[in-house]
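The values are calculated or read from the model by the stated rules, or taken from the named source; none is laboratory data. Predicted, not measured: the structure shown is a model, and the values here were computed from it. As a convention, Cβ positions derive from the backbone with ideal geometry for all residues, glycine included, and neighbour counts pool all protein chains shown. What goes into the accessible areas is simple: the full protein's heavy atoms, side chains included, and nothing from ligands, DNA or RNA. Shrake-Rupley method; radii C 1.70, N 1.55, O 1.52, S 1.80 Å.
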Amino acid sequence: MSEYTNSGQTFDVIVVGSGAAGSFAAKELTEQGLSILLIEAGRSLEKKDIGSPPKGKRGNMQLLPRIRATLSGQHIQARVAFFSEHVRHLFVNDWKHGYTTPKGAPFIWIRGRQIGGRLHTFGRVLFRWSDYDFRGASKGTNGLDWPICYADLAPWYEKVERFLGIAGNMDGVETAPDGVMAEPTPLTPEESSFRTAVQARWPERHVVAWRFNPHDGGRVPRALRAALETGRLTLQSDSIATIVTTDLATGRATGVAYTDRTTGTQHLAQSRAVVICASPIESLRLLLNSRNARHPDGLANSSGVLGRYFMDQCPSLMFGQWPVARREGPNVAPPVHPLFGTTGGLYVPRYQNIDNTRNPLFPKGYTYQGSIGRHDITQTNAPTRSVTIMAFGEMLPYADNSVTLDPRQRDRWGVPLPHIRCTLHPVERAMLQQQISDCADMIEAGGGKVDFWVSPLGLGEKRNGFFPDALPPIRWFLRKMFPKSMVMGAAIHESGGARMGNNPATSVLNSYCQAWDVPNLYVTDASCFPTGGSLGTTLTVMALSTRACNHLATELKAGRL
């Protein structure tokens, strides 16, 4: 690789990516006394990039900014539910960061290229997974078991929670195990009455408050700040990782080749080990592009499953109204996010296909995350408050859902574009129909009204229907465009493609996210997931990355790598 500039320095570990997985990888490795180079494709943020939204711009649909963003190259990013003019700089320009999908199988890939990645824009809801996620096959709900169980990850969940300071309650729900909470979180009076109505009608369902990590307004994620404070982290922004380099004689990773985003110059960094955590699609693209004579089908792909069994959760979004007359309890001051304004809300953990109950139409389940009365709290005289509830259903892992390299198209740095196939099978379609029906039933059980909903199955309407007060041309435009915002990818919980397992013939990684074929290569973002779950992926990613990097540090210090 004579065209690359070599710094001459060898680090203990190179980490690729600075989001949920990368920031905790850097924290754990530096605290273990190792020297780390972190390569991030995006830029460093400035103080002006993190600030409160203008008054009057909190929690609305932000239609005009979405149209402007669409016309200026963010036609995919502008579809995300929480997109606004105030945060558009934290999402990529889709014209400059392309990807391809099969005809008739859309997938919206939401991305942020900056230090911290999507940690600045995700909903900050952090729930633990349970053995209904990790050991689903053993519990009779199809899919496959992970090579770890809840007990293996519980101490790492706790370590992450104690470090971050999670706001939440002890809820006693089997499918969403209790964690270490720093402070309680309340429901609004409207959400409290929703909980009362749902739990009276369906005792097996639980309505709880979000468990979330408040944003501290920092430009650098807290875990990365901790890593920087050790003095052992070198943070290299604006650097596009293109290849993980290997020794052809041994097959071991030797470093990472990257391109300076601003100058186009090519560089080579060397290390004793490499940790890939650039988010699932980018990590898979990097591994596939790192093929060579020893790894002809992609790095660490002797099993042939690299890029396969890609998943995202199945999304649906419902809007409606809740009667003010049903309010329970005192008013609460909702928490405020520095970028998005009012936040917090209600959560309904999975209740389908647990214990001895089985739905014959689909084997997994779904969760709900939403709010009632938080974003229109100032409308004191209105008879109703707005209801917004999004559902996330678990997709089964299928070999034909995959991330591959596009054979014809490349990006500005010469790397093939990712080709993403993530399509619904019959059981996911049946599950989506049920999760939509259940959501409507829960709203109506307490006297609420459903206006409309949208999912990969399309748009549905009741009562007032879809934005009835909008002008006819705007309503026509919204009816045409809104369903395109709730296709696969809209959950932003993508996972799989480099799955863990107990057998190197059917998996890419072992139980510590260590590549079977390349023992000094670890992959610690959600691409390591064997199954996709129905709760958010972020807390599990943080815990897995910490656990994996603790293992890596132990192996390096013992001289076994």
Inset, instruction - Return the pairs, sorted by first residue and then second, in which the second residue is surrounded by 13 or more Cβ atoms within 10 Å (Cβ to Cβ), the first residue lies in segment 464-475 and is among the polar types (S, T, N, Q), the beta carbons are less than 7 Å apart, and the residues are 6+ apart or on different chains. - result: ASN464/ASP451
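Restricting attention to segment 153-169, which residues are in a loop (DSSP other than H, G, I, E, B) and open to solvent by 10 Å² or more (accessible area, probe 1.4 Å)? Steps first, please.
Step one: of segment 153-169, the residues in a loop (DSSP other than H, G, I, E, B) are 165, 168-169.
If the condition is that a residue be in a loop (DSSP other than H, G, I, E, B) and open to solvent by 10 Å² or more (accessible area, probe 1.4 Å), then GLY165, ASN169 are the ones that fit.
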Legend entry - Number of the condition not met by ASP469 [criteria: (1) in a loop (DSSP other than H, G, I, E, B); (2) surrounded by 19 or more Cβ atoms within 10 Å (Cβ to Cβ)]: (2)
Inset, instruction - Go through (1) over 26 Å from GLY123 (Cα atoms); (2) surrounded by 23 or more Cβ atoms within 10 Å (Cβ to Cβ) one by one and return the number of the condition GLY489 breaks. - result: (1)
Inset, instruction - Please specify each residue of segment 419-434 satisfying the condition of being within 29 Å of THR100 (Cα to Cα) and not charged (D, E, K, R). - result: HIS419, ILE420, CYS422, THR423, LEU424, HIS425, PRO426, VAL427, ALA430, MET431, LEU432, GLN433
Inset, instruction - Tell me which of these PRO407 doesn't satisfy, since it passes every other one: (1) within 26 Å of the chain's Cα centre (by Cα); (2) without any contact (Cβ under 8 Å) to a residue 12 or more places away in the chain. - result: (1)
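The rows are residues; the columns are (1) surrounded by fewer than 21 Cβ atoms within 10 Å (Cβ to Cβ); (2) among the β-branched types (Val, Ile, Thr).
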{"site": "VAL518", "(1), (2)": "no, yes"}
{"site": "LEU521", "(1), (2)": "no, no"}
{"site": "SER534", "(1), (2)": "no, no"}
{"site": "MET542", "(1), (2)": "no, no"}
{"site": "HIS551", "(1), (2)": "yes, no"}
{"site": "LEU556", "(1), (2)": "yes, no"}
{"site": "ARG560", "(1), (2)": "yes, no"}
Inset, instruction - Could you figure out which of (1) under 28 Å from the mean Cα position of the chain (by Cα); (2) open to solvent by 10 Å² or more (accessible area, probe 1.4 Å); (3) over 16 Å from ASP411 (Cβ atoms); (4) among the small types (Gly, Ala, Ser) isn't true of ALA278? - result: (3)
Inset, instruction - Give the residue that is modelled with the highest pLDDT, with candidates limited to residues of segment 118-133 that are in a helix (DSSP H, G or I) and closer than 20 Å to ILE492 by Cα. - result: ASP133
Inset, instruction - Find the strands (runs of 3 or more DSSP E) located wholly in segment 170-247 whose residues include 3 or more that are hydroxyl-bearing (Ser, Thr, Tyr) and crowded, with 18+ Cβ neighbours inside 10 Å, and list them. - result: 239-246
Inset, instruction - Hey, could you check segment 248-264 for residues that are free of Cβ contacts under 8 Å to residues at least 40 places away in the same chain and in a strand (DSSP E or B) and say which is least open to solvent (accessible area, probe 1.4 Å)? - result: ASP260
Inset, instruction - Could you check, for segment 296-312, whether at least one of its residues is modelled with pLDDT of 95 or more and either part of a strand (DSSP E or B) or closer than 17 Å to VAL207 by Cα (or both)? - result: yes
Legend entry - Members of segment 281-312 that are over 22 Å from the mean Cα position of the chain (by Cα), open to solvent by less than 10 Å² (accessible area, probe 1.4 Å) and of a type in the set (S, T, N, Q): SER290
Inset, instruction - Can you tell me which residue within segment 444-466, out of those that are charged (D, E, K, R) and touching an Asp or Glu at 6+ places or on another chain (Cβ under 8 Å), is least open to solvent (accessible area, probe 1.4 Å)? - result: ASP451
Inset, instruction - For ALA391, state whether it is closer than 22 Å to SER316 by Cα and either modelled with pLDDT of 95 or more or touching a helix residue (DSSP H, G or I) at 6+ places or on another chain (Cβ under 8 Å) (or both). - result: yes
Legend entry - Where ALA333 falls short, out of the listed (1) open to solvent by 20 Å² or more (accessible area, probe 1.4 Å); (2) in contact with a Ser or Thr (Cβ under 6 Å, 6 or more places away or on another chain); (3) small (Gly, Ala, Ser): (2)
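Which count do you get for residues in segment 136-152 that are in a loop (DSSP other than H, G, I, E, B) and modelled with pLDDT of 95 or more? Spell out how you get there, then give the answer.
If we filter segment 136-152 for residues that are in a loop (DSSP other than H, G, I, E, B), which is where we start, we get 136-149.
Next cut, modelled with pLDDT of 95 or more only: 145-149.
Count: 5.
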Inset, instruction - Provide a single number: the residues in segment 23-48 that are surrounded by 24 or more Cβ atoms within 10 Å (Cβ to Cβ) and assigned to a strand (DSSP E or B). - result: 4
Inset, instruction - Determine whether segment 114-124 contains at least one residue that is of a type in the set (D, E, K, R) and either more than 19 Å from ASP355 (Cβ to Cβ) or open to solvent by less than 10 Å² (accessible area, probe 1.4 Å) (or both). - result: yes
Inset, instruction - Mind listing whichever residues of segment 85-113 are in contact with a Leu (Cβ under 9 Å, 6 or more places away or on another chain), within 29 Å of LEU346 (Cα to Cα) and surrounded by 19 or more Cβ atoms within 10 Å (Cβ to Cβ)? - result: VAL87, LEU90, GLY112
